[in-house]
Amino acid sequence: MSRYKGIIFDLDGTLLDTLSDIANSVNEVLVNYGYPTHSKEEYQIKIGKGFCSLIEQSMPDNTESAILKEGLEKFINAYHKNYKKETKPYGGIVSLLKALNNKGMPIAVNSNKRNDYTNNLLQYLLPGIAFSAIYGERPGCVKKPDPQAALEIAEQMQLDPKEVVFIGDSKTDMITARNAGMDSIGVLWGFRDEAELRQYNATYVVKRPHSIYNIVFLESAVTLT
């Protein structure tokens, strides 16, 4: 017996620790312009709204639009070289996803990372995992917290949104879940803190990946914070 019939995961900060490769790529661009760089901790707050937003937040205030556009192109070139260097699944994620696959639970990914990188990273780092859908940032599809992609995934799963749980590490994911009419699970190993997840009404907050399995399958050993 399970509480939900389908699961949608965020990518960065939820399934994969992408922070170092993103931070190093943006800093490479900033150094090229002679701009101040940022720490990895500062990038934790900047990540989550797509590449364009990341560059806008990382470059100095009042940077000209032409420089922002050029900087975005330079970042994409840098990230293309770096995105597989240090990125890896968080501990416990692979075993969780395998267990969900073994249970026949449909799982999908909805990320604001560009669609090609989202798919490439999952194929590279999680090659044995079956996803029913992988949606990154795509032309014609608005980004999270708009629920468009999440609702498309639920329809693809042939499930009512109430039967699907959305899992992520940030307010963007919690708001996406609410906008889609889904419950949410906020994870504490990602880029944001517990206060943010609770402020934006996470249905559950978990410290470890195995707690997700416990929640979904109504196991008694649920580990919540």
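Hey, can you tell me all the residues within the stretch 131-177 that are out of contact with any Gly (no Cβ under 7 Å at 6 or more places or on another chain) and without any contact (Cβ under 8 Å) to a residue 24 or more places away in the chain?
If the condition is that a residue be out of contact with any Gly (no Cβ under 7 Å at 6 or more places or on another chain) and without any contact (Cβ under 8 Å) to a residue 24 or more places away in the chain, then 138, 139, 140, 141, 142, 148, 152, 155, 158, 160 are the ones that fit.
Taking the condition in a helix (DSSP H, G or I), in contact (Cβ under 8 Å) with a residue 24 or more places away in the chain and farther than 23 Å from residue 197 by Cα, does residue 78 pass?
Yes; evaluated as a whole, the condition is true for this residue.
Restricted to the stretch 44-60, and to residues that are touching a residue at least 24 places away in the same chain (Cβ under 8 Å), in a helix (DSSP H, G or I) and under 16 Å from the mean Cα position of the chain (by Cα), which residue is surrounded by the most Cβ atoms within 10 Å (Cβ to Cβ)?
Restricting attention to the stretch 44-60, the residues satisfying the condition of being touching a residue at least 24 places away in the same chain (Cβ under 8 Å) are 44-45, 47-51, 54-55, 58-60.
With the extra rule that they be in a helix (DSSP H, G or I), the set shrinks to 44-45, 51, 54-55, 58.
Right, trim to under 16 Å from the mean Cα position of the chain (by Cα) and you get 44-45, 51, 54.
On the way: 44: 19, 45: 13, 51: 20, 54: 22.
By that ranking, first place goes to 54.
So which strands (runs of 3 or more DSSP E) are wholly in the stretch 109-225 and hold at least 3 residues that are of a type in the set (A, V, I, L, M)?
Qualifying strands (runs of 3 or more DSSP E): 164-168.
Tell me, which residue of the stretch 6-23 that is in a helix (DSSP H, G or I) and in contact with a Lys or Arg (Cβ under 8 Å, 6 or more places away or on another chain) is nearest to residue 83 (Cα to Cα)?
From the stretch 6-23, those in a helix (DSSP H, G or I) are 19-23; that's our starting set.
Keeping just the survivors that are in contact with a Lys or Arg (Cβ under 8 Å, 6 or more places away or on another chain) gives 19-21, 23.
Details: 19: 10, 20: 9, 21: 5, 23: 10 Å.
Out of the qualifying residues, it is 21.
Looking at (1) part of a helix (DSSP H, G or I); (2) in contact with a Leu (Cβ under 9 Å, 6 or more places away or on another chain), which is the one condition that is false for residue 37?
(1)
Can you confirm whether residue 172 is assigned by TED's automatic domain parsing to the domain that holds residue 105 and either of a type in the set (A, V, I, L, M, F, W, C) or more than 25 Å from residue 51 (Cα to Cα) (or both)?
Answer is no for this residue.
The values are calculated or read from the model by the stated rules, or taken from the named source; none is laboratory data. In this text, all values refer to a predicted model and were calculated from it rather than measured experimentally. In this analysis, Cβ positions are derived from the backbone assuming ideal geometry, glycine residues included, and neighbour counts consider all displayed protein chains.
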